[in-house]
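The values are calculated or read from the model by the stated rules, or taken from the named source; none is laboratory data. It should be emphasised that the depicted structure is a prediction, and the values quoted were computed from it without experimental measurement. Here the Cβ positions follow ideal geometry from the backbone for every residue, glycine too, while neighbour counts run over all protein chains shown. Remember, those area values only see protein heavy atoms, side chains included, never the ligands or the DNA or RNA. Shrake-Rupley method; radii C 1.70, N 1.55, O 1.52, S 1.80 Å.
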Amino acid sequence: APNHTCECRMGLVMEAGRCIARPPTTAASLEIVTMKPEEKETASAVSKTASFVLIGFVTATLVIFALGRIFNHGRFIHMNIEVALLLAHISLLPDLVGDEVMCRFISICIHFFFTVVFAFFMLEAVFMYSILSNVVRKDGLLGHIGNFAAGWGIGIVVIAFSCSFEYDQYG
């Protein structure tokens with residue numbers, strides 16, 4: 001019979017001839033970890049500054065699209081991404097400490113707008129695939145109305161589903 005030894009790796013331990021995850025030595029802490037007030041203030045300032053910068057650049061992009069009258073199908077999808085990003089970052093700006101209803105509303109808005117951004121990313125991928133693989137000759141699979149309805153509609157469906165089951169968990 002061959003002579004060999006088994007060795008457990010990646011933090012596993014040998015028990016009864018099998019490698020298993022090491023049992024915890026102490027119970028997990030249920031304490032909610034919070035930042036110190038000065039760290040919290042710094043993090044908030046950095047976050048708000050980043051949001052203002054993004055709002056400025058996104059607004060500039062939308063103005064360029066409008067002034068250049070660039071409304072083809074690819075740019076239409078980009079404009080919707082920009083609008084959803086703009087609204088998401090505007091939603092991040094209010095500092096509503098203590099107001100549970102508004103905090104929940106802001107959380108739902110942020111979830112909705114970022115979901116819409118990802119939906120339009122998916123639609124942009126479908127658009128690029130349809131153009132590059134010659135599935136259609138031009139303008140992608142969906143028109144302006146189809147892209148608009150699909151992008152914002154996916155966000156509405158996801159948020160409606162989430163809110164119907166986890167409304168109390170927002171905020």
Within region 93-113, can you find the residues that are small (Gly, Ala, Ser) and under 15 Å from GLU166 (Cα atoms)?
-> SER107
Select from region 124-150 the residues that are over 17 Å from MET79 (Cβ atoms) and not in a helix (DSSP H, G or I) and write down the one among them that is modelled with the lowest pLDDT.
-> ARG137
Which of the residues belonging to region 1-34 are open to solvent by less than 100 Å² (accessible area, probe 1.4 Å) and either under 30 Å from VAL97 (Cα atoms) or small (Gly, Ala, Ser) (or both)?
-> GLY11, GLY17, ALA21, ALA27, ALA28, SER29
Within region 61-82, can one find any residue that is open to solvent by 40 Å² or more (accessible area, probe 1.4 Å) and closer than 28 Å to THR34 by Cα?
-> no
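Results for (1) of a type in the set (S, T, N, Q); (2) crowded, with 17+ Cβ neighbours inside 10 Å; (3) touching a Lys or Arg at 6+ places or on another chain (Cβ under 7 Å), shown as yes or no for each residue.
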position	(1), (2), (3)
VAL97	no, no, no
CYS103	no, no, no
PHE113	no, yes, no
GLU124	no, yes, no
SER130	yes, yes, no
